[in-house]
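The values are calculated or read from the model by the stated rules, or taken from the named source; none is laboratory data. Every value quoted in this text rests on a predicted model; they were computed, and no experiment measured them. When we count neighbours, we look across all protein chains shown, and the Cβ atoms used for this are built from the backbone with ideal geometry, even at glycine.
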Amino acid sequence: MGWHSDIIINCFERKGIEFTELSETEDYKIEWVNRFAPAGQRDKALKHCLDNEFWGGGYLWHIFSWEILNPCFVERQARIKYDVLYKCEAILIDGIDNTAYKITDSSLLASEDFDAMTDIVITDIDFCWTYAKTHEGNCGPYFYNI
């Protein structure tokens, strides 16, 4: 674990959120891309989102910035859509420290809780919706709901 995981865990503890660190982070990243990328765009999405050797690659949120998954909600609308969404069990993937967490009640997290975090995605356990926060000031946040 690193400094970014500490920020995430401190947020969970401050909010009273039960969580478990998952050992299959790469598997969850691949599943996330496969679930959200359109069928004809999956190879492109895997390259842009998971390949650290690709220019600008390695961030799941590139599925939005490269317009692989479009349309989606951006900025203020993304925050609103996430905040009013009915949320329960979820998975948060930390792109900085390459960790993933299973959260028992994500309804305790508001979009403002992610402001101190970067390069995270959160999705419900069934991969029906996702919210992504980037490290780029002019990209995102993004929200998508199937």
Whichever residue in the range 3-46 is assigned to a loop (DSSP other than H, G, I, E, B) and crowded, with 17+ Cβ neighbours inside 10 Å and, among such residues, is modelled with the highest pLDDT: Ile17
So which residues in the range 101-140 are surrounded by fewer than 21 Cβ atoms within 10 Å (Cβ to Cβ), in a strand (DSSP E or B) and either free of Cβ contacts under 8 Å to residues at least 24 places away in the same chain or hydrophobic (A, V, I, L, M, F, W, C) (or both), if there are any at all? Trp129
Before we move on, is Phe143 surrounded by 15 or more Cβ atoms within 10 Å (Cβ to Cβ), under 12 Å from the mean Cα position of the chain (by Cα) and not hydroxyl-bearing (Ser, Thr, Tyr)? yes
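Can you tell which of Ile120, Ile125 is modelled with pLDDT of 90 or more, in contact with a Lys or Arg (Cβ under 6 Å, 6 or more places away or on another chain), β-branched (Val, Ile, Thr) and under 23 Å from Asp6 (Cα atoms)?
Ile120 is the lone residue from the list that is modelled with pLDDT of 90 or more, in contact with a Lys or Arg (Cβ under 6 Å, 6 or more places away or on another chain), β-branched (Val, Ile, Thr) and under 23 Å from Asp6 (Cα atoms).
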Of residues in the range 64-85 being surrounded by fewer than 13 Cβ atoms within 10 Å (Cβ to Cβ) and modelled with pLDDT of 95 or more, the one nearest to Trp129 (Cα to Cα): Val84
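Would you confirm whether or not the range 72-86 contains a residue that is small (Gly, Ala, Ser) and free of Cβ contacts under 8 Å to residues at least 40 places away in the same chain? Break it down into steps so the answer makes sense when it comes.
Restricting attention to the range 72-86, the residues satisfying the condition of being small (Gly, Ala, Ser) are 78.
Filter again for free of Cβ contacts under 8 Å to residues at least 40 places away in the same chain, leaving none.
For the range 72-86, residues small (Gly, Ala, Ser) and free of Cβ contacts under 8 Å to residues at least 40 places away in the same chain: absent.
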